[in-house]
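Below: one structure, written as structure tokens.
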Amino acid sequence: MLETTAKLFIQKLVLEKAVDLVWSYILKYENGNNVSTAKKNAIAAWRKLSTEYVDFSIDIENQAETITWSGVKAFDALHLACAMAANCDCFITVDKRILKYKNDKIVVCNPLQFISIYEEMMDSE
């Protein structure tokens, strides 16, 4: 329940433009293959709120391959590589395998951890 509340709070921050949402070709691809039309449409609606779109590049593909060496699955590695290409501060997930990934280019965190990071950033301003 706490993670759901945190997720809703993060969505509110995106709607209020307090944080940026980055969209990518891999998210577009995966959502396009979603069998649930309702879920597909709900997710696609967030695309309009994104501040940046990351398109395919060889650099992203190479970065993703490197990420897979740490045990992250291929599609998840592409999501991470896209976030890094966009210079995102954080990558929010509830996937335990991805949460184990450590890199000095991006903070991988769950929704609750992100709220703490966000509050620290606001306190320091």
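The values are calculated or read from the model by the stated rules, or taken from the named source; none is laboratory data. Given the structure is predicted, the values throughout are model-derived calculations rather than measurements. Glycine also receives a Cβ, built like all others from the backbone with ideal geometry; neighbour counts cover every protein chain displayed. Please note that ligands, DNA and RNA were not included when accessible areas were found on the heavy atoms of the full protein model with its side chains. Shrake-Rupley method; radii C 1.70, N 1.55, O 1.52, S 1.80 Å.
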Members of the stretch 105-125 found to be touching a residue at least 60 places away in the same chain (Cβ under 8 Å) and outside any loop (DSSP other than H, G, I, E, B), listed by number: Pro111, Leu112, Phe114, Ile115, Tyr118
Within the stretch 12-56, can you find the residues that are of a type in the set (Ser, Thr, Tyr) and more than 19 Å from Asn87 (Cα to Cα)? Tyr29, Ser36, Thr37
Consider Val14 carefully, then state whether it is without any contact (Cβ under 8 Å) to a residue 40 or more places away in the chain, surrounded by 12 or more Cβ atoms within 10 Å (Cβ to Cβ) and closer than 18 Å to Cys88 by Cβ. yes
Out of all the residues in the stretch 78-125, which are charged (D, E, K, R) and open to solvent by 70 Å² or more (accessible area, probe 1.4 Å)? Asp89, Lys96, Arg97, Lys100, Lys102, Asp104, Lys105, Glu119, Glu120, Asp123, Glu125
Tell me yes or no: at least one residue of the stretch 39-52 is under 20 Å from Lys7 (Cα atoms), open to solvent by less than 30 Å² (accessible area, probe 1.4 Å) and of a type in the set (A, V, I, L, M, F, W, C). no
Out of all the residues in the stretch 86-104, which are over 18 Å from Val19 (Cβ atoms) and either of a type outside the set (Ser, Thr, Tyr) or without any contact (Cβ under 8 Å) to a residue 24 or more places away in the chain (or both)? Asp95, Lys96, Arg97, Ile98, Leu99, Lys100, Lys102, Asn103, Asp104
Conditions (1) at pLDDT 95 or above; (2) open to solvent by 30 Å² or more (accessible area, probe 1.4 Å): number failed by Ile67: (2)
